[in-house]
Each structure stands twice: as C-alpha cells, then as structure tokens.
Amino acid sequence: MHPFKTQNVTAYSAALAPIRKMNTNKIKRIIKYCFSAIGILLFIIVLLGYTNLGNLPIKENQKNHFLTIGSEKIRISQKGEGKDILLIHGTPGSIEDWNGIIDSLSKDYRVTAFDRLGHGFSSSNQYNYHIKDNAILVENLIKQLGLKSPLIVGHSYGGSIVAFMAVNSELKNIEYIIIDSPLYKYRPSNIYKLVATPILGKGIALFSSYTIANNQIKDGVSSLFKSLEKEKINELVKERQIIWSQPKVIYSKSKESINYLNDLNSISEKYKNINSKITLITGKDSINTFKNDCEKFNQEVSNSELIILENTGHYIQLEKPSTVIKIIKERMK
C-alpha cells in the first residue's frame, strides 16, 4: 500500500476513535436505562400484585350473598327447601359451574353452592392453597349454614376435596358424589409454576390477567367439552373470562396446582379405609376426562360405584346436566 494512503487510513481511524467510544458509551447508557426501567416496572407490578387491582368486588348485593368465616368472605348461593345438597366446584371455578343443575334440583331439595377461597367472588386472606384447607372450610360451612347430612358433590378439584373428606372427616351419615376428578395424579403446567413463584407470583398473576389470561381461558375451556354446541361453549367461555381472569383466581389456581400432587399423595394411600358411600361420574374418553383415576379409585374403594358416560368431556354437569340431576336424585332417595 502507498505510504500516504496508510497514513490517511491511520489518521481516519484515529479521528473515528472518539466517536466510536462515544457511541459505545451511549449504547451502554441506553441498555442501563432500559434495565432500570424494566426493574422499576417489575417492582411496581409486584407491589400492585398485593393489592386488589383487577379483582371483582367482594360486595353484598342482589346477586351476590356472602358468609363470613374467620377472616374470609365466602360467596354462597342457596335455593330450595328439603334435604340438603352441597356443591363444590373445581380449580378454577365458581358457583356458575353448577348453573345447569341448581334450579332443577332446588325444586325438590335445598341446594347450596359456594365460591371456594380465592375463586369467584370469595376472598383468600389466609388461604394456604391445599385440599385440607378446603375440607375445613366445607365443614365450617355445613355447621354455620345448619346443613343436615348433606349429599356432597364435588367436581374436579372439588371431587378431590370430597375424597379427602371421605378419608378424614368426622361428619356422620354423609354420602358423596365425585364428578371427574384427579384422585392420584396431577401434573401442573410450567405457567402455574411461574405464577406460584414466591414474592413475584402475585405480580405475575396481575400481569397475566391483563395480557394472556383471556386467550388461555378460551383455549382451555373450549377443549373441555365434547358435545356442546359452539354457541353455548362461547357463552360459557365469556362468563369464565370475566371470573377466571382475576389475578387472585390465577394465583389461587397456580398455587393449588403445584400443591395438588403432594396433597393427593397424602390421602390416596388411605382410600382403602373409606367407609362412606361414594358415586363416581366420569366420561368414556380418558383423554378429556380423569377416567383412569376414577376407575382406579372405584377398584380400591369397595363402597363406591362408577358411572361412565358417553360423549362428554370434563364439565359433565354442564354437558350432561339432566343425567347428573338424575344420578343426584337417585342418591337422595
């Protein structure tokens, strides 16, 4: 290379050096500001996660009635007169999961449904997110409402609560119905593990409620039915998007999910000791139901009866309400 050209290149590079250094410092500052902004945003989201932002109001009105137990406010629905039936929803869930059967049953019986802690309109001030907590709540509800030897019906997580009560409860003359429930195994998805993270979890639940929750609910609910018309499914999806997208519900569902397997392990080894009469209802399609767990429970518990229905998914009381009503009435005789 010509000596003069070499000198020009060297001089040009030397002239650019301060500019490069300035640009590098500017990029570093931008990155630093971005990380700081993200950190502040995360901190704000975490703080807001411990507020009531995004949750439906726990307020007494014509539609919602509450019972106070300890530090918790529990939304309840009670209709009809006569022998008692108590309904326990799954996770997530609410009183609305029983809309297909409450009115019909209440013509002949007193039917009670409630939102479990952290679900629907109920509070979760001192909830530890275990099946045992729910069983204690159910017993307190029975005592406070004066229910007399109710037939207890549980769907999904609610059915797991029923199994726990059949093993541990001191209540006498109680008969149970389990509608398609995990009774031995449960595998939580990674998103639930993330939301259940200590300290950050409630903030993540809040963020999720305003971003991905509605799509997740739509996909999840739509896959739980086999025979309902699309219009009816869309109606159920919209109803659940309002209730299930609350941060407290997302957090409760996540915490219950990561505790689920250990909770089941602690009680499943005692199923052989159950003396109460239990009816299990599930669907023939084991991909969309917990048929395998229900069959295993039926084989292990001598005083149980298994009913397997055709053409239904997980929400049997919404998909086959007349059949579920018929089964319940037979058990009430």
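The values are calculated or read from the model by the stated rules, or taken from the named source; none is laboratory data. Everything numeric in this text was worked out from a predicted model, so none of it was measured. Don't worry about glycine lacking a Cβ; one is built from the backbone with ideal geometry, like all the others, and counts go over all protein chains shown.
Filter region 153-209 down to the residues that are among the β-branched types (Val, Ile, Thr), part of a helix (DSSP H, G or I) and within 18 Å of residue 114 (Cα to Cα) and list them by number.
161, 162
To keep it simple, each residue is scored yes or no on (1) among the hydroxyl-bearing types (Ser, Thr, Tyr); (2) assigned to a loop (DSSP other than H, G, I, E, B).
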{"site": "255", "(1), (2)": "no, no"}
{"site": "282", "(1), (2)": "yes, no"}
{"site": "287", "(1), (2)": "no, yes"}
{"site": "298", "(1), (2)": "no, no"}
{"site": "306", "(1), (2)": "no, no"}
{"site": "325", "(1), (2)": "no, no"}
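How about region 122-141: which of its residues are over 24 Å from residue 280 (Cα atoms) and surrounded by fewer than 24 Cβ atoms within 10 Å (Cβ to Cβ)?
123, 124, 125, 126, 127, 128, 129, 140
Residue 254 fails exactly one of the following numbered conditions: (1) touching a Pro at 6+ places or on another chain (Cβ under 8 Å); (2) within 19 Å of residue 291 (Cα to Cα). What is the number of that condition?
(2)
Could you list all residues from region 95-120 that are part of a loop (DSSP other than H, G, I, E, B) and surrounded by 24 or more Cβ atoms within 10 Å (Cβ to Cβ)?
Listed by number, the residues that qualify are 115, 116, 117, 118, 119, 120.
Within region 308-323, track down each residue that is of a type in the set (S, T, N, Q) and part of a loop (DSSP other than H, G, I, E, B).
Within region 308-323, 311, 312 meet the criteria.
If you take the residues in region 142-152 that are in a helix (DSSP H, G or I) and not charged (D, E, K, R), which one is surrounded by the fewest Cβ atoms within 10 Å (Cβ to Cβ)?
Only one residue tops the list, namely 144.
Checking residue 294 against (1) touching a Phe, Trp or Tyr at 6+ places or on another chain (Cβ under 8 Å); (2) part of a helix (DSSP H, G or I): exactly one of these is not met. Which one?
(1)
Given the conditions (1) of a type outside the set (Asp, Glu); (2) touching a Gly at 6+ places or on another chain (Cβ under 8 Å); (3) under 17 Å from residue 92 (Cα atoms), which single one is not true for residue 261?
(2)
All but one of (1) surrounded by 10 or more Cβ atoms within 10 Å (Cβ to Cβ); (2) at pLDDT 75 or above hold for residue 63; state the number of the condition that does not hold.
Condition not satisfied by residue 63: (1).
Is it the case that residue 90 is assigned by TED's automatic domain parsing to the domain that holds residue 189, at pLDDT below 95 and not hydroxyl-bearing (Ser, Thr, Tyr)?
no
Tell me, yes or no, whether region 95-102 has at least one residue that is of a type outside the set (A, V, I, L, M, F, W, C) and in contact with a Leu (Cβ under 6 Å, 6 or more places away or on another chain).
Within region 95-102, one or more residues are of a type outside the set (A, V, I, L, M, F, W, C) and in contact with a Leu (Cβ under 6 Å, 6 or more places away or on another chain).
Between residues in region 269-288 that are exposed (fewer than 13 other Cβ atoms within 10 Å of the Cβ) and residues that are of a type in the set (A, V, I, L, M, F, W, C), which pairs lie under 8 Å by C-beta distance while being six or more apart or on different chains?
Taking only residues 6 or more apart or on different chains, the pairs are 272/301; 273/167.
Would you tally the residues in region 277-305 being modelled with pLDDT under 95 and hydroxyl-bearing (Ser, Thr, Tyr)?
Residues flagged as modelled with pLDDT under 95 and hydroxyl-bearing (Ser, Thr, Tyr) within region 277-305 amount to 2.
Mind listing just one residue for me: the one in region 257-280 that is assigned to a helix (DSSP H, G or I) and more than 23 Å from residue 119 (Cβ to Cβ) and, of those, nearest to the chain's Cα centre (by Cα)?
265
Considering only region 301-313, I want to know if a residue exists there that is within 30 Å of residue 215 (Cα to Cα) and of a type in the set (S, T, N, Q).
yes
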